[in-house]
Amino acid sequence: QVRIVESGGDLVQPGGSLKLSCVATGRIFSSYTMDWYRQAPGKSRELVGGITRTGRTNYADYVKGRFTVTRDNDKSTLYLQMNDLKPEDTAVYYCNFNPLTGEGWGPGTQVTVSS
């Protein structure tokens, strides 16, 4: 049974930083590519970036150079370091296995960027 729990979201000023965490269990974590997504109010969920089993990363253009995805396989934990945050980064952030397992999503963690 997949269980995903995201944490670390907060209210932060523009230009600030946050580090999100996601503990994902129920699958062999180290065997999966892991992705971060976000969903802003009134918008569809979108892919932010991800990391393969071997540590190769990819990012959406709107976060390149500002966000960094890392993983700790021993802790079944995915991280998202977010720097130079902008108001348009305000969203609920989620992580999930890639490919999706079909067992749903975690609760997400709210990131609000506002002065």
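The values are calculated or read from the model by the stated rules, or taken from the named source; none is laboratory data. Being a predicted model, the structure only gives us computed values, none of them experimental. Here the Cβ is made from the backbone with ideal geometry for all residues, glycine too, and neighbour counts use every protein chain on show. The accessibility values were calculated without ligands, DNA or RNA, using every heavy atom of the protein model including side chains. Shrake-Rupley method; radii C 1.70, N 1.55, O 1.52, S 1.80 Å.
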* Asked: Can you give the Kirkwood hydrodynamic radius for the stretch 1-44, in Å, rounded to one decimal and based on Cα pairs?
  -> 12.9
* To do: Whenever you get a sec, line up Ser76, Ser44 from highest to lowest accessible area (probe 1.4 Å, protein heavy atoms).
  => Ser44, Ser76
* To do: State in Å² the accessible area per residue of the stretch 1-90; use a 1.4 Å probe, count heavy atoms of protein chains only, and round to the nearest integer.
  => 55
* Structure fact -> With every protein chain kept in place and a 1.4 Å probe, the residues Thr109, Thr68 fall, from largest accessible area down, as Thr68, Thr109
* Taking the Cα centre of the chain as origin and charging only Cβ (+1 Lys, Arg; -1 Asp, Glu), how large is the dipole, in debye to the nearest 20? -> 200
* Asked: How large is ³J(HN,Hα) for each residue in the stretch 77-90, as worked out from phi by the Karplus curve 6.51 cos²θ - 1.76 cosθ + 1.60 (θ = phi - 60°), to whole Hz, x for Gly and Pro?
  -> 10, 10, 10, 9, 8, 10, 10, 6, 5, 10, x, 6, 7, 4
* Structure fact -> Once the dipole of the chain is set up from charges on Cβ (+1 Lys and Arg, -1 Asp and Glu), the residue from the list Gln81, Cys22, Gln1 lying farthest towards its positive end is Gln1
* Cα-based shape type of the chain, given that a ≥ b ≥ c are square roots of the gyration tensor eigenvalues and the cut on a/c is 1.5 -> prolate
* Which whole-number percentage describes the relative contact order of the chain, with Cα contacts under 8 Å and a sequence gap of 6 or more? -> 37
